[in-house]
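Engineer: Here it is, the structure in full.
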Number of protein chains: 2
Amino acid sequence: MQHSPSVETRPFRELCADHGLTATHQRQVLYEVMQTMPGHPSPEEVYVRVKKRIPAISLATVYKNIHLFVERGVLKEVSMHHGSLRVELNNHPHHHMVCSHCKAITDIREKDLGVLPTLQRLPGGFQVERYAIDVIGICAACQKAERS
Amino acid sequence: MQHSPSVETRPFRELCADHGLTATHQRQVLYEVMQTMPGHPSPEEVYVRVKKRIPAISLATVYKNIHLFVERGVLKEVSMHHGSLRVELNNHPHHHMVCSHCKAITDIREKDLGVLPTLQRLPGGFQVERYAIDVIGICAACQKAERS
DNA sequence: GTAATTGCAAAGGCTTTGCTTGCAA
DNA sequence: TTGCAAGCAAAGCCTTTGCAATTAC
């Protein structure tokens, strides 16, 4: 298939250029489909929708591109995903720092966060149990590793 | 094996009674082991430690009891685990409400959280990218389901 | 005695990997 | 043309489930 870039593909090609990504048809459709999914879709859900436009696409391609988009800042992970369930017994009021590279979790005392959010106007009868704050960034060890 | 409860088992038996749990040997060791693990262990890591004291224990038992402890409030999940990766494209400043029953995620505008945390005194050279607040509780639908 | 729990093994979901063919620059 | 990407299928975690044997109350 060969054709000159249409007007509609311009912005996507620029987005790819800005993020150092090769502009493929699959990536474009993936991105466009995600724009129509305002929630927090799983790779499987995205796959189902993309498949309507590219029946031959594989789930592995969806995973690969989602990871790439997240890595390049086009998408965000809704919460850091640690590969397996993590539990804790710590009862003191605290939150977490999560390294976006190595996924290491470190406790942070609540008072070190400064002012706390005061929950107000919560939509539709949601009954609050607690809130959890993740400070996301790069830990010292990963910063050191990056520099090398 | 039959013996009268020792002095040391008292607190654990009370803890079980308080949370409506049967006091089994496996549960007690699991709980004691977790008290010596201050971080955020995975079920596998807990299993390895418990196995030193109860070689015959199975990983399935560890999983079952961890879930039970979480359900009864003895342990906490470090972050809500959605079963699969979730991503989003939403660029507006926002955070999330997560239902601890059905794991549904709903966006919440940052301004509806009221005052925001001001990050200060972050331990050991952690380079902050962003922070993510999860308001954890029961959504309206699950509240309704519970009542019935 | 009755109900709940354990251990085992098998099954199930989600995600990644290796490799060949095809496409982008 | 040269390397990056896609598709496919197989493998790899992590976690749950079903069931018989055992234990707690």
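None of the figures in this text is laboratory data; all of them are computed from the coordinates on show. Since we're looking at a predicted model, the values are computed, not measured. Reconstructed Cβ throughout: ideal geometry from the backbone, glycine too, with neighbour counts over all protein chains shown.
Engineer: Would you mind getting the Kirkwood hydrodynamic radius of the protein assembly as shown from its Cα pairs, rounded to one decimal in Å?
Structural biologist: Kirkwood radius, the protein assembly as shown: 22.0 Å.
Engineer: Here is a further query. Restricting to DSSP H runs of at least four residues, report the calculated mean residue ellipticity at 222 nm for chain B, -39500 (n - 2.57) per run over all residues, nearest 500 deg cm²/dmol.
Structural biologist: Value at 222 nm, helices only, nearest 500: -11000 deg cm²/dmol.
Engineer: Then there is this: Under the Kirkwood approximation for Rh and a Cα-based Rg, what ratio Rg/Rh is obtained for chain B?
Structural biologist: A ratio of 1.05.
Engineer: Separate question: Go ahead and run the numbers for FRET between A:Gln143 and B:Arg13, Cβ-Cβ distance against an R0 of 41 Å, rounding to 0.05.
Structural biologist: Using R0 = 41 Å, I get an efficiency of 0.30.
Engineer: Label points 7 Å out from Cα along the Cβ direction at A:Thr22 and B:Val70: separation in nm?
Structural biologist: Result for the modelled spin labels: 3.9 nm.
Engineer: Between B:Cys102 and the same site in the other copies, what are the distances in nm, shortest first, taking label points 7 Å from Cα along the C-beta direction?
Structural biologist: Spelled out, the distances from B:Cys102's label point are 4.0 nm.
Engineer: Can you tell which of A:Gln127, B:His94, B:Gly39 lies farthest toward the positive end of the dipole of the protein assembly as shown, using +1 and -1 charges on the Cβ of basic and acidic side chains (Lys, Arg; Asp, Glu)?
Structural biologist: Farthest towards the positive pole: B:Gly39.
Engineer: List the GluC sites (Glu not before Pro) within region B:1-101 that fall in a DSSP loop (any state other than H, G, I, E or B) and whose Cβ has at most 16 other Cβ atoms within 10 Å.
Structural biologist: Answer by residue number: B:Glu8.
Engineer: Provide an ascending nm list, one decimal, of label-point separations from A:Glu44 to the equivalent residue in each further copy; define each label point as 7 Å from Cα along Cα→Cβ.
Structural biologist: 2.1
Engineer: Residue by residue through region B:132-138, which ³J(HN,Hα) values in whole Hz follow from phi under the Karplus form 6.51 cos²θ - 1.76 cosθ + 1.60 (θ = phi - 60°), with glycine and proline marked x?
Structural biologist: Couplings: 10, 10, 9, 8, 9, x, 10 Hz.
Engineer: Right, next: Are any of the pairs A:Lys76/A:Lys103; A:Lys64/B:Lys103; A:Lys64/B:Lys76; B:Lys76/B:Lys103; A:Lys76/A:Lys111 more than 21 Å apart by Cα-Cα distance, and if so, which?
Structural biologist: In this structure, A:Lys64/B:Lys103; A:Lys64/B:Lys76; A:Lys76/A:Lys111 lie more than 21 Å apart at Cα.
Engineer: Dipole magnitude of chain B about its Cα centre, charges +1 at Lys/Arg Cβ and -1 at Asp/Glu Cβ only, in debye to the nearest 20?
Structural biologist: 320 debye
Engineer: Can you compute 3J(HN,Hα) from phi for each residue in region B:74-85, using the Karplus curve 6.51 cos²θ - 1.76 cosθ + 1.60 with θ = phi - 60°, rounded to whole Hz and x for Gly and Pro?
Structural biologist: 6, 10, 10, 6, 5, 9, 4, 10, 8, x, 9, 4
Engineer: Gap in Å between the Cα centre of region A:9-37 and the Cα centre of region A:77-113?
Structural biologist: 32 Å
Engineer: Then there is this: Considering only chain A, what is the antiparallel percent among its DSSP beta bridges, to the nearest 5?
Structural biologist: Percent antiparallel among DSSP bridges in chain A is about 55.
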